[in-house]
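As structure tokens, the structure follows; a few thoughts come after it.
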Amino acid sequence: MCGIVGYAGRRPATPFILEGLKRLEYRGYDSAGIAVAESGGIHRRRAAGKLVNLEAVLKKSPLSGIVALGHTRWATHGKPSEENAHPHCDCSGELVVIHNGIIENYIEIKERLAQAGHKFASDTDTEVAAHLIEEKLKGLYRPGATPGFAEPALFEAVRLALGEVKGAYALAVLWAKAPDVIISAKTASPLIIGLGEGENFLASDVPAFLAHTRRVVFLEDGEMAVVKADDCRFFSLAGKRLDKAPVTIQWDRTMAEKGGYRHFMLKEIHEQPAACEDTLRGRFFPLRDGVLQREAGISVAALKTVRQFHIVACGTAYHAGLVGKYWLEEATGVPTHAETASEFRYRKSTLSKDDLVIAISQSGETADTLAAVRSAKEKGAKVLSICNTVGAAIPRVADHNLYTHCGPELGVASTKAFIGQMSALAIFTMHAALARGTLSEPGARELVDQLVRLPGDIRAVLKLDPQILDIAGKFHKKGHFLFIGRGLNYPIALEGALKLKEISYVHAEGYAAGEMKHGPIAIIDEDVSVVAIATRAKTYDKMASNCQEAKARGAQVIALVTEGAPPLPGADYQIQLPPVPELLSPIVNVVPLQLFAYHIADLRGCDVDQPRNLAKSVTVE
Ligand code: AGP
């Protein structure tokens, strides 16, 4: 989730770019850069780390041009560094590109361009786009041609280049031969055009230029914008002129940073379809000998010989690990343990060099998980990290990394990262099972068909928010909740309880529903509310009995059920979820529980994004 900013006007561009990048700070970043068209050339300044580092570089070596691009990088490919910071340029150094998204087929394009003589200076997928556009220009613009030809040539070169790109992008291009124009395009990642007076802006999000204009045009997928100081034209990727009406933004800046949502947590809950899609993107194929070697450096041979998997994590990440345990044992038959890192690190474990430890962490900085990783490596085990932050401590120590692509998660309560972690675990499980021969290619293709439908299923559940808000309104004064689930949804019961207690401070417990009769049922009376995960599963009838037992003892029962299922006896409220395969139901079933927790906390006046006593990343024991 990088930050993109562009300016074409009559005033020095650098202050607008820096201000815009600051306004996108909430999108998170680990490096930043700027490129300005000036004195017949393109001049870049880049710096690793926080934006202040780029400001320091500019102080020493200022830029004064009136057309510029700026970028803050949230790394997905290639570590955070100056070399990997955007803008990236072509061989000539006269054409620069900034990009937010993932170019899935960048490796094959890079290999083809390298064979054609292009030299690359970074590990990023974005740099490939700059060289691809340069290659296309060779057939469209001859040195010495009249300057008027430069702009249409650049537009066509960008259009043709994007015709070869697969994946997600919000992209902007600046060329020294057409110094007064920015060519931009959008597919899957956000890109917004701000229309000023004698100046125009482009950005990943509205806050970047809201101080200067409220008239904006939201680009749709497959659309391009040609941005100049006095003119903005819109086209389809096919080159057809589009007539796009601007809208006027009513939000204030704070609201704008939250995308119009009242809290980052709610925004991030609604970003979950994208978190799932972006983490899965480009990682299904090839089904043989490909993805995990390319993405995580784990060979098929290594996957074939793993004796045991040990998943270590904390909090929500641990709950994702419990889901991963079910999946890995189900799909590969390999014994799989999931354990909180705080327990694992102090226990005499039976790890060996034939074991693979999977460390899950959104921040990549959690002290207990980092200590568990170090402990595992001391015992000779290999470690795979599933992390949302490229270059964080845990991925740096791990042997292999499979990143989630959720963008920064700012709400302390983890939501979209949880979806990303399960999405990454699903990819890992599929390829591990293929490597071990416990999943056939037809079976994998069927699983892929189900996985690609998940973002849509999550979107369908998000549409149930009004019903969930209504139910939360009836329960927000209750003092005790018991979340129950079975099998793959036992971890989701734990996660639902954690979400509720950590942001609303209400007592909530997650329990394996089969355990109710072994004690917990004793606490049930009219003061205890039960949330039952009773979606379609082989243990559905058992869940139905649990609901009736709770109801008979005075509890009010909220049940998650599958659309079309018969009414669940014992449930006072039923939230009907889209039918998904039981195996993948955790990814969908957690969403109503997140919304339920959010609304109860909000109705109780709690600080949803920064709950008391908690930190986003627990970097101490
Ligand atoms: C979850 O909502 C909490 N914020 C917390 O349990 C969190 O999941 C845990 O601290 C692990 O953090 P990590 O994923 O950054 O390692």
Query raised in the report: If one computes the Cα centroid of the range 410-429 and of the range 571-608, what distance in Å separates the two points?
Result: 16 Å
Report task. Compute the length gained on full extension between ARG612 and GLU19: take 0.36 nm times their separation in residues and subtract their Cα-Cα distance, giving the result in nm to one decimal. Result -> 210.3 nm
Query - C-alpha center-to-center spacing [the range 248-293, the range 316-333] in angstrom - result: 23 Å
Report summary line: With the dipole of the chain defined by +1 on each Lys or Arg Cβ and -1 on each Asp or Glu Cβ, the option from CYS547, GLY40, LEU498 whose Cα lies farthest towards the positive pole is GLY40
Report task. Give me the distance in nm between label points sitting 7 Å out from Cα along the Cα-to-Cβ direction at ALA121 and THR305, one decimal. Result -> 4.1 nm
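Which value does Rg/Rh take for the chain over its C-alpha atoms, Rh per Kirkwood?
1.00
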Report summary line: Between LYS538 and ASP449, Cβ-based FRET efficiency (R0 25 Å, step 0.05) works out to 0.70
Query raised in the report: Relative to a virtual label point 7 Å from the Cα of SER236 in the Cα→beta-carbon direction, which members of the range 127-170 show backbone nitrogen distances below 16 Å?
Result: 159-160, 163
Report summary line: Rounded to 0.05, the calculated FRET efficiency for the beta carbons of GLN467 and ARG294 at R₀ = 35 Å is 0.25
Query raised in the report: Under the classification rounded if a/c is under 1.5, otherwise prolate if a/b is larger than b/c and oblate if not, where does the range 116-235 fall, given a ≥ b ≥ c as square roots of the Cα gyration tensor eigenvalues?
Result: oblate
Query raised in the report: For the pair TYR26 and SER92, how long in nm is the line joining their label points, each one 7 Å along Cα→Cβ?
Result: 4.0 nm
Report task. Please determine, in degrees from 0 to 90 and to the nearest 10, the orientation of helix 367-378 with respect to the longest principal axis defined by the Cα atoms of the chain, where the helix direction is its Cα long axis. Result -> 90 degrees
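Please work out how much length the chain gains when fully extended from ARG553 to SER61, using 0.36 nm per residue of separation minus the C-alpha to C-alpha distance, in nm with one decimal.
Stretched fully, the ARG553-SER61 segment lengthens by 169.8 nm.
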Query raised in the report: Which chymotrypsin sites (Phe, Trp or Tyr not before Pro) does the range 453-499 hold that lie in a coil by DSSP with at most 12 other beta carbons within 10 Å?
Result: none
Requested in this report: Provide, for the range 137-243, the number of lysine pairs with alpha carbons under 16 Å apart, each pair being eight or more places apart or on different chains.
Outcome: 4
Query raised in the report: With the Cα gyration tensor of the range 98-154 giving a ≥ b ≥ c as the square roots of its eigenvalues, does the rule (a/c under 1.5 for rounded; else a/b larger than b/c for prolate; else oblate) give rounded, prolate or oblate?
Result: prolate
Report task. Hey, for a label at SER440 modelled as a point 7 Å past Cα toward Cβ, could you say which residues of the range 311-355 have their backbone N under 17 Å away? Result -> 331-332
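What dipole magnitude, in Debye to the nearest 20, does the chain give about its Cα centre under +1 on Lys/Arg Cβ and -1 on Asp/Glu Cβ?
Taking the Cα centre of the chain as origin, the dipole is about 540 debye.
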Report summary line: Counting only DSSP beta bridges with both partners in the chain, the antiparallel fraction in percent, to the nearest 5, comes to 60 percent
Requested in this report: With a cut-off of at most 12 other beta carbons within 10 Å, and DSSP calling the residue loop, which trypsin sites (Lys or Arg not before Pro) in the range 235-305 qualify? Please list them.
Outcome: LYS240, ARG288
Query raised in the report: By its C-alpha gyration tensor, with a ≥ b ≥ c as the square roots of the eigenvalues, how is the range 496-538 shaped: rounded for a/c under 1.5, else prolate for a/b larger than b/c, else oblate?
Result: oblate
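Any idea what the relative contact order of the chain is, in percent, if you count C-alpha pairs under 8 Å spaced at least 6 apart?
Relative contact order for the chain comes out at 11 percent.
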Query raised in the report: Once fully extended, how much extra length lies between ARG11 and ASP221, figured as 0.36 nm per residue of separation less the alpha-carbon to alpha-carbon distance?
Result: 72.5 nm
Query raised in the report: So if R0 is 35 Å, what FRET efficiency would ILE521 and GLU329 give, r being the distance between their Cβ atoms, rounded to the nearest 0.05?
Result: 0.80
Query raised in the report: Once label points are set 7 Å from the Cα along Cα→Cβ at both LYS474 and TYR505, what is their separation, rounded to one decimal in nm?
Result: 2.7 nm
Query raised in the report: When the Cα centres of the range 124-194 and the range 340-381 are compared, how far apart do they sit, in Å?
Result: 45 Å
Requested in this report: For each pair in LYS325/LYS474; LYS258/LYS463; LYS267/LYS517; LYS517/LYS616; LYS267/LYS551, compute the distance between the two Cα atoms and list the pairs where it is over 28 Å.
Outcome: LYS325/LYS474; LYS267/LYS517; LYS517/LYS616; LYS267/LYS551
Query raised in the report: Based on Cβ point charges of +1 for Lys and Arg and -1 for Asp and Glu, what charge dipole magnitude is obtained for the range 372-438 about its Cα centre, in debye rounded to the nearest 20?
Result: 180 debye
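A short reminder: the numbers here are calculations on the coordinates, not readings from a lab. Bear in mind the structure is a predicted one, so any value in this text is a computation, not a measurement. Cβ atoms come from the backbone with ideal geometry, glycine included; neighbour counts cover every protein chain shown.
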